[in-house]
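Student: Sharing a structure with you now.
Throughout, read-outs are computed from the coordinates displayed, never taken from laboratory work. What you see is a predicted model, and the numbers here were worked out from it, not measured in a lab. Note that we place each Cβ from the backbone using ideal geometry, even for glycine, and neighbour counts take in every protein chain shown.
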Amino acid sequence: MGRELTEQELHNLAMNIVGHELEADGFEFMAINSKLKKNPQYVCLKEKVLHFIVVRNVEFPLNPREYDEELMLTVKDHANKFEAKTYFAGVGLSNAADQELPLCLNEEYIVDYQGLIEI
């Protein structure tokens, strides 16, 4: 068994999953912040509209569609000053062999990501 992924590594993995989808959807990255607790993670431009996107790794068995409303309203207030849209991107990551076990380096994992949620 490999070593457990750190909180920062899990966060980076979630960001990569969301980032690939944003890129595929034609978003242009203006700013990327991968530090934990710094929001939003992505500031993107699409069709001349700014988008603030908060990415979170959500541990099993929590629901990746549920988010911290207070945090998201704070981000939305900030986004509104820039006439930007605000989104939450929750990424559920779990160990493929046993969802109760932590994610480890070089082991398979399950991704539960159902897209952006507009706030």
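Student: Please arrange 44, 104 by counting, for each residue, the other beta carbons lying within 10 Å of its beta carbon, fewest first.
Tutor: 104, 44
Student: With the dipole of the chain worked out from charges on the C-beta (+1 for Lys and Arg, -1 for Asp and Glu) around the Cα centre, which of 54, 114, 104 lies farthest toward the positive end?
Tutor: The residue sitting farthest along the positive end of the dipole is 54.
Student: May I pose another question? Step through the residues of segment 59-64 one at a time and calculate ³J(HN,Hα) from phi using the Karplus curve (6.51 cos²θ - 1.76 cosθ + 1.60, θ = phi - 60°), rounding each to whole Hz and writing x for Gly and Pro.
Tutor: The phi angles translate into 6, 4, x, 5, 7, x Hz.
Student: Once both axes come from the Cα atoms, what is the angle between helix 69-81 and the longest principal axis of the chain, in degrees from 0 to 90, rounded to 10?
Tutor: Helix 69-81 sits roughly 30 degrees off the main axis of the chain.
Student: Rounding to the nearest 20 debye, state how big the charge dipole of the chain is about its Cα centre with +1 on each Lys and Arg Cβ and -1 on each Asp and Glu Cβ.
Tutor: Dipole about the Cα centre, nearest 20: 560 debye.
Student: Now, a different point. Using only Cα atoms and rounding to the nearest 10 degrees, what angle (0 to 90) does helix 7-24 make with the longest principal axis of the chain?
Tutor: Compared with the principal axis, the helix lies near 50 degrees.
Student: Take the Cα coordinates of segment 3-119, assign each an equal point scatterer, and use the Debye formula without solvent to give log10 I(q)/I(0) at q = 0.15 Å⁻¹.
Tutor: -0.64
Student: Using a Förster radius of 30 Å, what is the FRET efficiency between residue 45 and residue 6 based on their Cβ-Cβ separation? Nearest 0.05, please.
Tutor: The pair residue 45/residue 6 has a calculated efficiency of 0.45.
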